[in-house]
Amino acid sequence: MPKPIRLLGAACMVLFLFLVVQIMRSPRNWKLPSKQPSSQLDQDMSRDPNLDETGEPPEPLHRVNGNNYAPDNPNSNRINATILSLVRNSELPQLLQSMQDLERTWNHKFNYPWTFLNDEPFTEEFKRATSANTNALVRYLTIPPEHWAIPSWIDLDLISESAKMLEEHEVQYAHMQSYHQMCRWNSGLFFKHPELQDIDYYWRVEPNVHFFCDVDYDVFRYMEDHNKTYGFTITLYDSPWTVQTLWTETMNFLGQGNSHLLAQNNAMDWLTDKDRRPEHNFIANGYSTCHFWSNFEIASMKLWRSPAYEAYFEHLDRAGGFFYERWGDAPVHSIGVGLFEDKSRVHWFKDIGYQHIPFFNCPNSPKCSGCLTGRLTDGEAWLSKEDCRPNWFKYTGNEWAQDSTAAAAASSSSGSRTDVLAAATNIPAVAS
């Protein structure tokens, strides 16, 4: 038999064994849930909360007063935070669009530094153009090669065969290795950059996004003062075919003596809901696929630097799913937050108007212009069912609700749901 055919046969056998092992290790019951009634959206969220008038989050809020946020003030009210963007030189026009929007609506007042990262050096043109669009400090960092490279334990032949299987399910970027590398880096390596060790908070900004609302308070000080560690604008369902074994590996990690890392007031319910999208939960082996859309994040670096998250990422990294599947940083971050952080420390930045094609967060506020209030998407109608806010509100409450008791009741009734974990892995439930 010719050598190429033998090699192809060996690769197929390795892939087959990998999938068999994952399925055999899965702790869930392979029973397909019944279909969810189409009226579930109305049952969970009868009215889009972005249609309600939106003000600012509660005080204390830090605002501009004189020169307290001037770019050249060494004693400013700024804390150790940065606007963070992973961007290529070729994406300069799209990045300038995002940068100009955020400077116009927020950063021209507060002058927080911009930090740009790339896996290759930035061009002088990129540096000139970006520095000309802000009065704030700008840093240009190159990602260490060892942070970006495909790890030595990953089988390159298996990557290729796995990508073919992903393509059968119309998974985007299945064959684009750089996309898989980016997802891995965003999931667990960006905060390890040597020149980011002084940073406590960051605002993630991608090329070609829009910001629609004037924000007149320091969002980083808000996070610090109100004990918030993760902020989002949009939460969606993921394609279950991209994360078929992510929840399986999560359960394996917790079952290996790590259940003590779970936060008492976690969001397990949100992560394991099977009522709204039962087919997602089934394909993803017990994971709802709900996630915070991480192209927008305002978050504390302490989340990712915690022993719990670092150990979790190390486990996932060794499992290989960033390359053999297409585990994204959005579901990985969301599971990390949902399991290892108190859900009361997660904040919906409802007042920040935002678009990343094809989804919006557009609040009802006189401070906003350029987007349609309450619109989730300007794409195909079916995209509306990808909204996972109803699930988030169902299990954690809506912190912006006028009737604050509703949010308290939702949080109280859902609890931490460690019983779900216990049933799945035979781990004793954590006392709450």
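The values are calculated or read from the model by the stated rules, or taken from the named source; none is laboratory data. What you are looking at is a predicted structure, and each value in this text was computed from that prediction instead of being measured. No Cβ is skipped: glycine too gets one built from the backbone with ideal geometry, and neighbour counts run over all protein chains shown. Ligands, DNA and RNA are stripped out before the accessible areas are found, and what is left, the full protein with its side chains, is counted by its heavy atoms. Shrake-Rupley method; radii C 1.70, N 1.55, O 1.52, S 1.80 Å.
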Checklist outcome for this item: The lone condition Ile298 fails out of (1) outside any strand (DSSP E or B); (2) within 16 Å of Trp203 (Cα to Cα) is (1)
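Which members of region 127-166 meet the condition of being under 18 Å from Gly320 (Cβ atoms), open to solvent by 80 Å² or more (accessible area, probe 1.4 Å) and not in a loop (DSSP other than H, G, I, E, B)?
Residues satisfying the conditions are Glu146, Leu156, Asp157, Lys164.
Just need a number here: residues in region 344-364 that are among the aromatic types (Phe, Trp, Tyr) and closer than 18 Å to Ala299 by Cα.
If we filter region 344-364 for residues that are among the aromatic types (Phe, Trp, Tyr), which is where we start, we get 348-349, 354, 359-360.
Applying the additional criterion that residues be closer than 18 Å to Ala299 by Cα yields 348-349, 354.
The qualifying residues number 3.
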Next on the checklist: Can you tell me how many residues within region 256-291 are free of Cβ contacts under 8 Å to residues at least 40 places away in the same chain and crowded, with 23+ Cβ neighbours inside 10 Å?
Outcome noted: 0
Checklist entry - So which strands (runs of 3 or more DSSP E) are wholly in region 181-291 and hold at least 3 residues that are of a type in the set (Asp, Glu) and under 20 Å from Gly321 (Cβ atoms)? => result none
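Helices (runs of 4 or more DSSP H) wholly in region 1-117 with at least 2 residues that are open to solvent by 30 Å² or more (accessible area, probe 1.4 Å), hydrophobic (A, V, I, L, M, F, W, C) and modelled with pLDDT under 55 - which ones? So that I can check it myself, show each step before the final result.
Numbers: elements: 3-25, 40-44, 92-102.
Result: 3-25.
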